[in-house]
Amino acid sequence: MADLGEPRNTIAVLQKYGFDFKKKFGQNFLIDTHVLEKIVAAADITKDDLVLEIGPGIGTVTQYLCEAAREVVTVEIDKTLIPILTDTTLSMYDNVTIINNDILKVDINALVDEKNGGKPIKVVANLPYYITTPIIMSLLEKHVPVISMTLMVQEEVARRMQAGPGTKDYGALSLAVQYYAEPYIAAFVPPNCFMPRPKVGSAVVNLTLRDKPPVETKDPAFMFKVIKASFAQRRKTLVNGLTNSPELDISKDDATRAVLAMEESCGLKQDPMLRGEKLTLPEFAVLADVLIGE
Ligand code: SAM
C-alpha cells in the first residue's frame, strides 16, 4: 500500500471503496507528508512505544505510527472505515490492532494493562474536532498512564490549552490541561493539508503529562468547579461568578470573604472588580481551599 500522505494515494483509496465523508464524525483526512512527519517527530516515538491512536480514518497517520512504534492500537468509530483500514494498515504491518468503537467507551486503562503491562503509553491523534475537549479531558481525568499526547486540534483550541492569565484565550481549558500536563504547540497546519478542507486552521499540540500536579489543593474536583464558575460569565467579577454558580451554592458574603483571603494570602492587591481571568492556577488552588474551609 502506498503512502497515504500523498494526496493521489488517498484519492485512489477513497475511490476504490466509494467512501463518503461523514461530517458527524469530524472526518478531515491528512494529505501532507511533511505534517505527518512533524506529528511523529513531536510525539518522539521509538520502537519501545505502544501508541494509542484515536480516529485513524483510512490509516494515514497509522501508517507512519506503525513504522515508528513497537505497537499501535487504533480506535475508529466509523464501521465503514474498518475494511479500508484493514487494507491500508493490517495487510502491511503486523504491529497494529484496529478497534471499532467510540473512544469514549473504550476502557483504556484495561487496554494499557493488556497491551503494555500497565506501563505508560503515548497517544497520537488527528482528533475529530466535534469532541476534542471531551476526549482530552476524559484521558486526563481518568488518570490513564500516558507519557504524552500529540494531537491535531483546531488552532484556537491549541492556543487555549497553552494560554496564560490575562490573555483572551485563557480559560477553564487552559487550567485543566496545565494542571495535568505541559502543553506546547509543535506546528500550525493550514486547511489545505486536509481532505476535505476544514473551515479553520489547525495546530499540532503536544501535552507532556506531569508526574504530579503543579499545585496542591484539598479537593481538585472542587477547584475545577471554582474555575468553571469563575469563567462561566467572563464579563462578571470573580465574586459574582462564584455567587451565580448553580454548582457551588456560595453566598455573596462568603465569596467576598474568600476572595479577600485569597488576595491576602497570595500577596495580591485588593480589587473588588477582580475577574477570574487574572488568576493563576496556584491562586485558584488557594481560593478553592479557602472556600472549602468556609
Ligand atoms: N487520522 C485520520 C487522518 O489524519 O487522516 C483521520 C482523522 S479525522 C480528523 C477523525 C477521525 O476520527 C475520523 O476517522 C472519524 O471517523 C474518527 N472518529 C470520530 N469520532 C470518534 C470517536 N468518538 N471515537 C473514535 N473515532 C472517532
**Residue in region 102-118 that is touching a Gly at 6+ places or on another chain (Cβ under 8 Å) and over 23 Å from TYR64 (Cα atoms) present** = no
**Request:** With respect to ASP249, determine if the residue is open to solvent by 70 Å² or more (accessible area, probe 1.4 Å) and on the phi > 0 side of the Ramachandran plot.
**Result:** yes
**Message:** Six or more apart or on different chains, Cβ atoms under 8 Å: show the pairs whose first residue is in region 208-234 and in contact (Cβ under 8 Å) with a residue 60 or more places away in the chain and more than 17 Å from GLY276 (Cα to Cα) and whose second is of a type in the set (S, T, N, Q) and open to solvent by less than 60 Å² (accessible area, probe 1.4 Å).
**Reply:** THR208/SER148; LEU209/SER148; PRO214/GLN178
**Request:** From (1) more than 14 Å from the ligand (Cβ to nearest atom); (2) open to solvent by less than 30 Å² (accessible area, probe 1.4 Å), pick out the condition that doesn't hold for THR10.
**Result:** (1)
**Prompt:** Mind checking which residues of region 38-93 are within 13 Å of the ligand (Cβ to nearest atom), open to solvent by 20 Å² or more (accessible area, probe 1.4 Å) and of a type outside the set (Gly, Ala, Ser)?
**Reply:** LYS38, VAL40, TYR64, ILE77, LYS79, THR80, ILE82
**Prompt:** Taking region 261-284 as the region of interest, how many residues are touching a Pro at 6+ places or on another chain (Cβ under 9 Å) and either among the charged types (D, E, K, R) or in a helix (DSSP H, G or I) (or both)?
**Reply:** 5
**Request:** Kindly establish whether PHE194 is closer than 24 Å to GLN154 by Cα and not acidic (Asp, Glu).
**Result:** yes
**Request:** Just name the residue that is most open to solvent (accessible area, probe 1.4 Å) out of those in region 94-137 that are in contact (Cβ under 8 Å) with a residue 12 or more places away in the chain and charged (D, E, K, R).
**Result:** LYS119
**Request:** Return a yes/no flag: does region 175-188 have any residue that is open to solvent by less than 50 Å² (accessible area, probe 1.4 Å), touching a strand residue (DSSP E or B) at 6+ places or on another chain (Cβ under 6 Å) and more than 26 Å from GLU141 (Cβ to Cβ).
**Result:** yes
**Request:** Could you check ILE84 against (1) in contact (Cβ under 8 Å) with a residue 24 or more places away in the chain; (2) farther than 26 Å from PRO196 by Cα and say which number it fails?
**Result:** (2)
**Asked** Does region 236-255 include one or more residues that are modelled with pLDDT of 95 or more, in a helix (DSSP H, G or I) and closer than 27 Å to GLU182 by Cα?
**Response** yes
**Request:** Would you check if GLU277 is modelled with pLDDT of 95 or more and either under 28 Å from LEU151 (Cβ atoms) or open to solvent by less than 60 Å² (accessible area, probe 1.4 Å) (or both)?
**Result:** no
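The values are calculated or read from the model by the stated rules, or taken from the named source; none is laboratory data. On a predicted model such as this, the values are computed, not experimentally measured, just so you know. Backbone-built Cβ (ideal geometry, glycine too); neighbour counts: all protein chains shown. Heavy atoms of the whole protein, side chains included, go into the accessibility calculation; ligands, DNA and RNA do not. Shrake-Rupley method; radii C 1.70, N 1.55, O 1.52, S 1.80 Å.
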